[in-house]
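The values are calculated or read from the model by the stated rules, or taken from the named source; none is laboratory data. All values reported here derive from a predicted model rather than from experimental measurement. FYI the Cβ positions are ideal-geometry reconstructions off the backbone, even for glycines, and counts take in every protein chain you see. The accessibility values were calculated without ligands, DNA or RNA, using every heavy atom of the protein model including side chains. Shrake-Rupley method; radii C 1.70, N 1.55, O 1.52, S 1.80 Å.
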Amino acid sequence: MSNYIHVPPGSPEVPKLDITVSEREGPGYRQGALQLLRRLRPHWRPEEVTLQVRGSAGRLARGCGSPGRQGGERQARQGRGRAAIVRGSCRLVSSPLSLPPSPARRRSPLRGAPFAGRPGGGAGRRAASPAASFLPSFHPSLLPLIARQLAKIHTIHAHNGWIPKSNLWLKMGKYFSLIPTEFADEEVNKRFLRDIPSPQVLQEEMAWMKERLSNLGSPVVLCHNDLLCKNIIYNKKRGDVQFIDYEYSGYNYLAYDIGNHFNEFAGVNEVDYSLYPNRKLQEQWLRSYLEAYKEYKGFGTEVSEKEVEVLYVQVNQFALASHFFWGLWALIQAKYSTIDFDFLGYAIVRFNQYFKMKLEVMALTLPE
């Protein structure tokens, strides 16, 4: 019930796909991927489908439709863990998959996290035209569109007036319980012990964050929780954006979702925190967001300087929790993932940025 969302009467039924796709390369992986594609893209020819690993935590399928269909080559992507994104000429389909349990998943009280949502989860679908494309980066002209779309999601109401609660600290604690204590490879283990804070330090930081950030007054809303640029689709023809990959979505602090989004300006494969938006850009983004948020709430569109400043402080302090969360996630991936990516290095980067940013953002104070 904690993540129950009210679905208006008359909404289309959400399809559910009970399909398992192996994480490991080989016949089992291809067989599972083709089984999924037969449901999502039945006109694709199996002999023309190729599979490849792309990015830090994703697999990509390429294929062609039957003769005479528009759109030519199409793509399907298995995202962080088990979200399959199929991109065609007329729509996008996001479908959580059920993956076999790794040691981490068998032990995980999240029953599949940190890799994705619940087994047997639903598949969302949204319209998209041939002009739609993944964002290669956060272009300044698109930021107001992104701010407005996120505000729209944040104003989706809970069912029957139920007051939602954030599960951020619970989920972070469960991630913490799954982080490795050592690695079999001697060099990797040396790096892990040298560059990752001790479990005691991590636990102390978690307790400090929970005490400090929970009292900032940020409302709990429906959040995306993973809004990096590749999870944003820009439709040039319509002049709008849509979000994909909702497997981490749930009720969370509003400021966390925005702070996490700002952190993602730095990228994933080649992280560069000089790209983190400066105060001027943030304030412009936050004003666009607040105008849309108040409009969707029916409060008009007038936004005061104080409202922008309050949100600026909340967002930058909650950005700390985002670094910490994905740092823990990366440590678990470093231990159990079969994907060829330096997850340990990514964890080190996130924790380093957490401690670097902490001194600066905690000096910020909410206006009187």
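Using a probe of 1.4 Å on the protein chains alone, the accessible area found for Y246 is around 70 Å². As a quick test, which of the pairs K210/K358; K171/K356; K210/K297; K280/K306 have an alpha carbon distance above 18 angstrom in this structure? Violating the 18 Å Cα-Cα cut-off are K171/K356; K210/K297. With one equal scatterer per alpha carbon and no solvent term, the Debye-computed log10 I(q)/I(0) for the stretch 233-295 at 0.20, 0.21 1/Å reads -1.13, -1.22.
Placing unit charges on the Cβ atoms only, positive for Lys and Arg and negative for Asp and Glu, gives the stretch 266-368 a dipole magnitude near 260 debye about its Cα centre. Rolling a 1.4 Å probe over the heavy atoms of the protein chains gives the stretch 134-367 an accessible area of 45 Å² per residue. Within the shell of other residues whose beta carbon sits under 11 angstrom from the beta carbon of R39, the net charge comes to +2, with Lys and Arg scored +1 and Asp and Glu -1. Using alpha carbons only, the radius of gyration of the stretch 134-367 set against its Kirkwood radius gives Rg/Rh = 0.97.
In the assembled protein chains, F138 presents an accessible area of approximately 30 Å² (probe radius 1.4 Å). A simple spin-label model places the labels of E211 and E283 3.3 nm from each other, with each point 7 Å out along Cα-to-Cβ. So, with a 1.4 angstrom probe, what is the percent of accessible area on the stretch 156-286 that is carbon and sulfur? C and S fraction of accessible area: 52 percent. Ranked by solvent-accessible area (1.4 Å probe, protein heavy atoms only, all chains present), the residues K335, K152 order from largest to smallest as K152, K335.
Phi angles across the stretch 248-253 convert, under the Karplus curve 6.51 cos²θ - 1.76 cosθ + 1.60 with θ = phi - 60°, into 3J(HN,Hα) values of 9, 5, x, 6, 7, 5 Hz, Gly and Pro given as x.
In the context of the full protein assembly, V49 retains an accessible surface of approximately 10 Å², using a probe radius of 1.4 Å and ignoring ligands and nucleic acids.
Placing a label point 7 Å from the Cα of L193 along the Cα-to-Cβ line, no residue of the stretch 332-346 has its backbone N under 12 Å from it.
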